[in-house]
1. Cβ-Cβ distance below 9 Å, separation of 6 or more or different chains: which pairs start in region 133-150 with a residue that is surrounded by 10 or more Cβ atoms within 10 Å (Cβ to Cβ) and end on one that is hydroxyl-bearing (S, T, Y)?
2. So, of the residues in region 114-141 that are over 33 Å from the mean Cα position of the chain (by Cα) and of a type in the set (D, E, K, R), which turns out to be modelled with the highest pLDDT?
3. Is it true that some residue in region 118-139 is assigned to a loop (DSSP other than H, G, I, E, B), under 17 Å from F39 (Cα atoms) and not acidic (D, E)?
4. Look through region 33-60, keep the residues that are surrounded by fewer than 11 Cβ atoms within 10 Å (Cβ to Cβ) and without any contact (Cβ under 8 Å) to a residue 24 or more places away in the chain, and return whichever of them is nearest to I95 (Cα to Cα).
5. Which one is modelled with the lowest pLDDT among residues in region 86-109 that are more than 16 Å from L68 (Cα to Cα) and either over 30 Å from the mean Cα position of the chain (by Cα) or small (G, A, S) (or both)?
6. Which number in (1) in contact (Cβ under 8 Å) with a residue 40 or more places away in the chain; (2) assigned to a strand (DSSP E or B) marks the one condition that V65 misses?
7. Of all residues in region 1-56, how many are modelled with pLDDT of 80 or more, assigned to a helix (DSSP H, G or I) and β-branched (V, I, T)?
Amino acid sequence: FICLYPQDWQTRSYLALGGVSGKALDRFLSERKDTQKVFLCLDSDTAGNEACTRLAQSIPCEIAVIRLVPARKDWNDVLRQQGDIPSRKFIAETITLRELPTAQPVPMLRMADVELTSVEWLWFPYIPFGKLTIIQGNPGEGKTYFAMRLAAACTNRKPLPGMETL
């Protein structure tokens, strides 16, 4: 199959099963969690059809599965007879066995639908009570020191600069 489509072959990952067992494919996919599509290129016979069905069922649900049916009985015949195949149409049929799952859209909220609530402050105007606060900065700028000082101030009821006493 790679010999039929040599352009950019090094940018893709190929796996030869050496038969119809799915063990190599399972291991391949377990080591490459970022795989989004699998193209099954098996023979166009009963064994190849059954293997495609079985392999497609064993592939995780978050991966799209596409079957490429060769223009001849198998890909070796296509390779040997490629000069006889009109218009270099080596793939007789492309069958989508499973599509990529569609992501659920993020619900939209209009600001007119948002209720205004009052905020209580631990340290005005930096840290509100009951809200998410992110301490962000470059390495070595004192994020951990600040977090420890904040924890100590809260547990000992000591104020931070410009902070009302707890």
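1. Qualifying pairs under 9 Å: T133/Y126; I135/T144.
2. Checked region 114-141; the qualifying residue modelled with the highest pLDDT is E141.
3. Within region 118-139 (the criterion being assigned to a loop (DSSP other than H, G, I, E, B), under 17 Å from F39 (Cα atoms) and not acidic (D, E)), the answer is no, since none of the residues qualifies.
4. T46
5. Filtering region 86-109 for residues that are more than 16 Å from L68 (Cα to Cα) and either over 30 Å from the mean Cα position of the chain (by Cα) or small (G, A, S) (or both), the one modelled with the lowest pLDDT comes out as A103.
6. V65 satisfies every listed condition except (1).
7. 2
The values are calculated or read from the model by the stated rules, or taken from the named source; none is laboratory data. Everything numeric here is computed off the predicted structure, so don't read it as measured data. When we count neighbours, we look across all protein chains shown, and the Cβ atoms used for this are built from the backbone with ideal geometry, even at glycine.
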